[in-house]
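Beneath this line is the structure, given in structure tokens, with notes to follow.
Please treat every number below as a calculation from the coordinates, not as lab data. What you are looking at is a predicted structure, and each value in this text was computed from that prediction instead of being measured. All Cβ positions, even for glycine, are placed from backbone atoms using ideal geometry, and neighbour counts span all protein chains on display.
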């Protein structure tokens, strides 16, 4: 009976070791997948910001010279007010849609947050 008991003890010890090994591998894979998701999210944000920057450069330059945005320490609300004042006419609506205007506001607001 003593031999059987020590064999069971060894078997349990081996099974616990295998369980810990498998658990550690799964944790590593999960962390790697999470890192990949974070990188993908960051790349997507950068792509969206580039699109908004292009929109700003193209649409705003139709009516006026582009300002040095860094020279104006405006908040998102202040940029929104400036843009709303510029686009308060039917004439300006020929050049830019409300959706494009909102994207430009977000772009300028993000620039303000990074300073």
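Report Rg (one decimal) and Dmax (nearest whole number) for the stretch 2-114, counting Cα atoms only, units Å.
When restricted to the Cα atoms of the stretch 2-114, Rg and Dmax are 28.4, 96 Å.
Once the piece of chain linking residue 65 and residue 43 is laid out straight, how much longer is it, given 0.36 nm per residue of separation minus the C-alpha distance between them?
Full-extension gain reported as 4.9 nm.
Answer rounded, prolate or oblate for the stretch 35-76, using the Cα gyration tensor with square roots of eigenvalues a ≥ b ≥ c: rounded when a/c is under 1.5, else prolate when a/b is larger than b/c, else oblate.
oblate
Give the angle, between 0 and 90 degrees and rounded to the nearest 10, that separates the Cα long axis of helix 2-60 from the longest principal axis of the Cα atoms of the chain.
Approximately 10 degrees, to the nearest ten.
So how much slack lies between residue 11 and residue 97, counting 0.36 nm per residue of separation and subtracting their Cα-Cα distance, in nm? Let's see the in-between values first.
Numbers: separation 86, 0.36 × 86 = 30.96 nm, distance 7.11 nm.
Result for the pair: 23.9 nm of gain on full extension.
Computed FRET efficiency, Cβ-Cβ of residue 106 and residue 20, R0 41 Å: what is it to the nearest 0.05?
Numbers: r = 48 Å, r/R0 = 1.16.
My answer for the efficiency is 0.30.
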